[in-house]
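The values are calculated or read from the model by the stated rules, or taken from the named source; none is laboratory data. What you see is a predicted model; the values in this text were computed from it and never measured. Because the Cβ atoms are built from the backbone with ideal geometry, glycine has one as well, and the counts that use them run over all protein chains shown.
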Amino acid sequence: MNAHRISRIGSYRCIVFAIVLLAVGMAHASPSDESLEMLMAEFWEAQVQAAPLAAALWGENRYRDRVDDLSPEALAARVARLDRAIAGLEEIDARELSPANREHYEAFEWMLTHERRNLDFGTRFFTINSFGGWHSRFADLIQATPYASEQDYRDLLVRLTGFGPYARQNIDLMRAGMEGGYTQPCASLQGYGKSIIDYISETPEASVFAKPFAAMPDSLAPAVREALRGEALRVIDDVVNPAYRAFADFYAESYEPACRTSVGLSSLPGGRAAYDHALRYYTSLDTDAPAIHALGRREVDRIRGEMEAVMREVDFEGDFAAFLAFLRSDPQFYAADEETYLHRVAWIGKTIEARLPQFFSRLPSNPYGISVIPEQIAPLTPTAFYQPGAADGTRAGRYFVNLYDLASRPLYELPALGLHESVPGHHLQFSFQGENEDLPDWRRFYYFHAFGEGWGLYSEFLGEEMGIYATPYERFGRLIYDMWRAARLVVDPGLHAMGWTRQEAIDFMLANTGLTRKNVIAEVDRYITYPGQATAYKHGELKIRELRQRAEEALGDRFDLRAFHVELLTGGSLPLKVLDNRMQRWIDAHSVPATGES
């Protein structure tokens, strides 16, 4: 029999085998499984079409010429879409679902109900906060999106043209918030107007939105490049700059004079109910302000003991306050210039990367890079943040670091910072999730804050085992970051549910965390203008550490930390209760002795 005939027979057998597998799969798929899968797919497709800007960050390229519609009609459609999905979910018998779909069902139900509840509160009018807003996110997206073909640039031109109505709708939302009393506090927005004005360029050529057109590939004909660049400059001049100017004028003339003087969300109409929901939304737990505040107090006391042990290790003569003052002021802990700072960031990153295989049985394919936080938002932005890469590999992840006022950014904090924001923190977390094509699309991209931020904080802890902290001061830097997240649990409900003032929150953070004054102020303003989100970190980290301890105790010698980490991350972002169920199933599956074992 010749090779060609063998190949054909082999192909036929593969086709038959695939058909058999499909038939077996269909035989085992219940009507409930099919209904759930269809419901999830239809909902997410509608969500992607309604939020093309967010979709672009995930690597969804079908709607890259669009901007979001924020009109009242679009809001009504969003409410209706969520209500329909919730009603559809109620018709599905979860008992008939496969184990994988049961997990999807639990996570989907949590997401739908909490996203729907979000729209009942005035917090949806908070389209800006102390470290950014819709105007800066749009600019970041335009610069982060990859462009290669002529169509890519034509789509970008259409999207830039759409920025005009998008800006007007955002201003309308903020105006509606003003009418209901939902404005951000004046004290936390000092200097915010500059973050808008800095996007208005003196000439269209100088605009950040002109950069993609200044770097068009040579594969495009010169005449095409010239035409596209000319059209871009016209759109920037006629649409983009005027839209930013209109927002700057609105902010200075209307919003800032109307901003509220109180800092707590509970001071607003329905504010306490909104805050209670925010706590449940961000922690993905049924908790409340008093419970979170009490947990924070316990964690602050525990971490303080570890910090004082490091003080004794370095033989510091003085009390805790004096040690913090020493760390905040001694030149040995600060970079003299930006290049030194960035080199240290990069060195730490490559050191961590070399040790990842010892802690992960496999790694995702997408890389990450290091970028500088744009100067327009740097003064009001925290020390660093991460921007996910595209799930399809067309854009790397980006670890953004802040170079503004280097005298407030100590070097001993950089190992913990890098572990959290890049690897094994957010970069591995987002990449594992996005690259797992076995998950429904919505689960590849949706972000449950407690899981994601909890993993980031757990990664800082993992750095101890990875040997990343080279000095006692770097270990103290890790404890500063741990204390920072614990203090949030005290401060956030203190501000929004217990009547704390901004100054009380600043004083508490300065006395306990070790963060520099500039970072403390930026953080407190973040908690004020982004209620509840900061409580996610500790809850997620404590759950992940609890699950690891449970697995270690149950499996003993069978416990594989590398496999545990990959299992945790490949399942994607989940509410903490659903995560608990998932990892317990993994523990149970690995608790069964292999055949022949006694």
Original post:
If the Cβ limit is 6 Å and pairs must be 6+ apart or interchain, which residue in segment 382-411 that is farther than 19 Å from Ala534 by Cβ and assigned to a strand (DSSP E or B) pairs with which residue that is modelled with pLDDT of 95 or more and β-branched (Val, Ile, Thr)?
Top reply: Tyr399/Ile370; Val401/Val345
Subject >> The lone exception for Ala176 - which of (1) touching a residue at least 60 places away in the same chain (Cβ under 8 Å); (2) hydrophobic (A, V, I, L, M, F, W, C); (3) not in a loop (DSSP other than H, G, I, E, B) it fails >> reply: (1)
Original post:
Of the residues Ser361, Ser329, Ser365, Ser371, which is hydroxyl-bearing (Ser, Thr, Tyr) and touching a Ser or Thr at 6+ places or on another chain (Cβ under 8 Å)?
Top reply: Ser365
Original post:
Is there any pair linking a residue in segment 64-88 that is assigned by TED's automatic domain parsing to the domain that holds Asp120 to one that is in a loop (DSSP other than H, G, I, E, B) and among the charged types (D, E, K, R), with Cβ under 8 Å and at least six apart or on different chains, and which?
Top reply: Ala74/Asp68
Subject >> Residue count for segment 176-199, restricted to those that are crowded, with 17+ Cβ neighbours inside 10 Å and either closer than 23 Å to Leu160 by Cβ or among the β-branched types (Val, Ile, Thr) (or both) >> reply: 5
**OP:** Take the residues in segment 523-540 that are surrounded by fewer than 24 Cβ atoms within 10 Å (Cβ to Cβ) and of a type outside the set (Ser, Thr, Tyr), then tell me which one is nearest to Arg297 (Cα to Cα).
**Re:** Ala534
Original post:
Condition test on Ala144, is it at pLDDT 95 or above and among the aliphatic types (A, V, I, L, M)?
Top reply: no
**OP:** Find the residue count for segment 87-112, including only residues that are in a helix (DSSP H, G or I), crowded, with 17+ Cβ neighbours inside 10 Å and not hydroxyl-bearing (Ser, Thr, Tyr).
**Re:** 13
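Here is a yes/no grid of residues against (1) free of Cβ contacts under 8 Å to residues at least 12 places away in the same chain; (2) hydrophobic (A, V, I, L, M, F, W, C); (3) closer than 20 Å to Leu75 by Cα:
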residue: Leu97; (1), (2), (3): no, yes, no
residue: Arg102; (1), (2), (3): yes, no, no
residue: Thr113; (1), (2), (3): no, no, yes
residue: Phe121; (1), (2), (3): no, yes, yes
residue: Phe126; (1), (2), (3): no, yes, yes
residue: Asn129; (1), (2), (3): no, no, no
residue: Gly132; (1), (2), (3): no, no, no
